[in-house]
Protein chains: 2
Amino acid sequence: MAGKVFFSVSMSLDGFVAPEPVPVEDELFAPARQNDPDVRRWMAQWMELQQWLLPQRFFRENAGLGEGGEEGPDNDIARETFERTGASVMGKRMFDLGEQSWPAEAPFHTPVFVVTHTKRDPWERPGGTTFHFVDDGIERALDRAREAAGDRDVRIAGGGTTILQYVNAGLVDEFSVAVSPVLFGAGTRLFDGVDASRIALEPLRAVPTRRVTHLTYAVRPR
Amino acid sequence: MAGKVFFSVSMSLDGFVAPEPVPVEDELFAPARQNDPDVRRWMAQWMELQQWLLPQRFFRENAGLGEGGEEGPDNDIARETFERTGASVMGKRMFDLGEQSWPAEAPFHTPVFVVTHTKRDPWERPGGTTFHFVDDGIERALDRAREAAGDRDVRIAGGGTTILQYVNAGLVDEFSVAVSPVLFGAGTRLFDGVDASRIALEPLRAVPTRRVTHLTYAVRPR
């Protein structure tokens, strides 16, 4: 049986999945920029959004940050999200940011299909992550990810624009949003431009934890 | 001991608390407009947003729709929200829409303070609701509501713009959002224009029900 196509993101209560971009995003992780007020603001907001995830035992292990960390429902959800994922799809902007910031042992440990307009040979990383660059559209990227995932699910990893393209194309089966107790006021909205007239949501699960509330929905045509 | 100042709204997952306004809002409830596609769209979206509330026993009783209806956590929350409220504050647009649509026995059963720019004598309705029109600012309207509420809480009833004025003025102690499983794509956003740099949220409670998830936060300065 084929797996599902899903995404899983952290969202501020006012609907943002990323802070307002910094002026020169390519240099977000450049050492020379780390005292730039825009970069510091971006980092601080991103940390707030991910505050539920960063201290979890699974996240720390998987990111190579060492052992230890919180255990409990947030940790279980982080681990389950990882374990169900047989392959990921991501946009080029997310890849570009990640290329600057992931450790050599990138945290996916599966094939990752990058939707891009340029050709590039696969990039194999230690620990089982191989990035494949797909230049013939989002459907083709998803087909390749499905094939690679086998029985497991395909995660649309991000960013927000790529997720929305898949939602509006009717290609997402379900998704989870960790609603973080923070207001951004500005940034990248998850659902900005969603084709609301064609999409219905069916609540599947709601898991409140001490830090966030995890909401999971099935996506249905309407 | 003085009560708290709170608001309680239903919000779409993409952050909207009201559908996109219809072109001639004053006539939203005019009989001649009920077949207008804009009005029908507005009504359908509003019903979806409030879908958790409309079938509840307490809501039906309080709105004069007769006995019967659902009981359970959604009903309990609707009743508790009503019972804690000693007085309400609302904006003039919400009042104008309500004046067209509330039954003679308006559903507040307490004093209501309407923030407006025009003078008008108090308007007493059967069942204990009296609308007072306050033309000297949001702080004065709140002071009068606090006084009227006594030990009970003051609810900033809406609409979205009025709620946000009170949030940004640092006058809201806590709030609840019923996150409805619907996407609007457009409309009135609850937090559009929020002074995010000055507001921190502390999660107090999260109550998932079959229909929605009720999230309650305390508002703190940051």
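The numbers here are math on the coordinates, done by the rules we state, and not lab data. This structure is a prediction, so every number in the text was calculated from the model and none was measured. In this analysis, Cβ positions are derived from the backbone assuming ideal geometry, glycine residues included, and neighbour counts consider all displayed protein chains.
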Q.
For peptide B:210-220, what's the mean number of Cβ atoms from other chains within 10 Å of each residue's Cβ?
A. 3
Q | Projected-area mean, segment B:1-78, by convex hull of Cα positions, square nanometres | A | 7.7
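Can you give the relative contact order of segment B:55-164 as a percent, counting alpha carbon pairs under 8 Å and 6+ residues apart?
This gives 28 percent for segment B:55-164.
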Q) Could you state the number of Å between the C-alpha centres of segment B:41-91 and segment A:7-22? A) 30
Q) For B:Gly69, what charge total do you get from the other residues with a beta carbon under 14 Å from its beta carbon, if Lys and Arg give +1 and Asp and Glu give -1? A) -2
Q) So, how do all the Cα-to-Cα distances of the protein assembly as shown break down into 20 Å bins, in percent, from 0 on up? A) 23, 52, 22, 3
Q) Just from the alpha-carbon atoms, what are the Rg and Dmax of segment B:5-221 in angstroms? A) 16.8, 47
Q: Report, ordered by chain and residue number, the lysines lying within cross-link reach of B:Lys92, taken as a straight Cα distance under 24 Å and ignoring same-chain residues fewer than 8 apart.
A: B:Lys4, B:Lys119
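What number comes out for the charge environment of B:Phe58, summing +1 per Lys or Arg and -1 per Asp or Glu over other residues with Cβ under 10 Å away?
-4
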(Q) Per 0.36 nm of contour for each residue apart, how much would the distance between B:Gln51 and B:Glu83 grow if the chain were fully extended, relative to their Cα-Cα spacing? (A) 9.4 nm
**Q.** For residues of A:9-15, the mean tally of beta carbons on other chains within 10 Å
**A.** 5
Q. Cα centroid distance between segment A:163-186 and segment B:170-196, in Å?
A. 16
Q | For segment A:64-78, 3J(HN,Hα) per residue [Karplus equation, 6.51 cos²θ - 1.76 cosθ + 1.60, θ = phi - 60°, Hz, x = Gly/Pro] | A | x, 8, x, 7, x, x, 6, 10, x, x, 5, 5, 4, 5, 4
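Okay, helix-only estimate at 222 nm for chain A: each DSSP H run of n ≥ 4 adds -39500 (n - 2.57), divide by all residues, round to 500 deg cm²/dmol; what do you get?
Numbers: 6 runs with 62 residues, N = 222.
Per the formula, -8500 deg cm²/dmol.
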Q. Projected onto the charge dipole of segment B:57-149 (+1 at Lys/Arg Cβ, -1 at Asp/Glu Cβ, origin at the Cα centre), which of B:Gly137, B:Ala78, B:Leu97 gives the Cα projection farthest towards the positive end?
A. B:Gly137
**Q.** Taking B:Met94, A:Met90, A:Met43, B:Met47 and counting other C-beta atoms within 10 Å, the order from fewest to most
**A.** B:Met47, A:Met43, B:Met94, A:Met90
Q | Minimum Cβ-to-axis distance in chain A for the rotation onto chain B, with residue, whole Å | A | A:Gly15, 2
Q) Across peptide A:173-181, how many C-beta atoms of other chains are within 10 Å of each residue C-beta, on average? A) 2
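Averaging sequence separations of C-alpha pairs under 8 Å and six or more residues apart, then dividing by the length of chain A, give the relative contact order as a whole percent. All intermediate terms of the calculation are to be shown ahead of the outcome.
Numbers: 439 pairs, mean separation 64.5, N = 222.
Answer for chain A is 29 percent.
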Q | Orientation-averaged projected area, Cα convex hull of segment B:109-196 (nm²) | A | 7.5
Q. Percent relative contact order of segment A:97-219, based on C-alpha pairs within less than 8 angstrom and at least six residues apart?
A. 18
Q.
If you take every residue apart from B:Ala87 with its C-beta less than 9 Å away from the C-beta of B:Ala87, what net charge results, scoring Lys and Arg +1 and Asp and Glu -1?
A. +2
Q: Rank these for me by crowding, B:Lys4, B:Lys119, going from fewest to most other beta carbons within 10 Å.
A: B:Lys119, B:Lys4
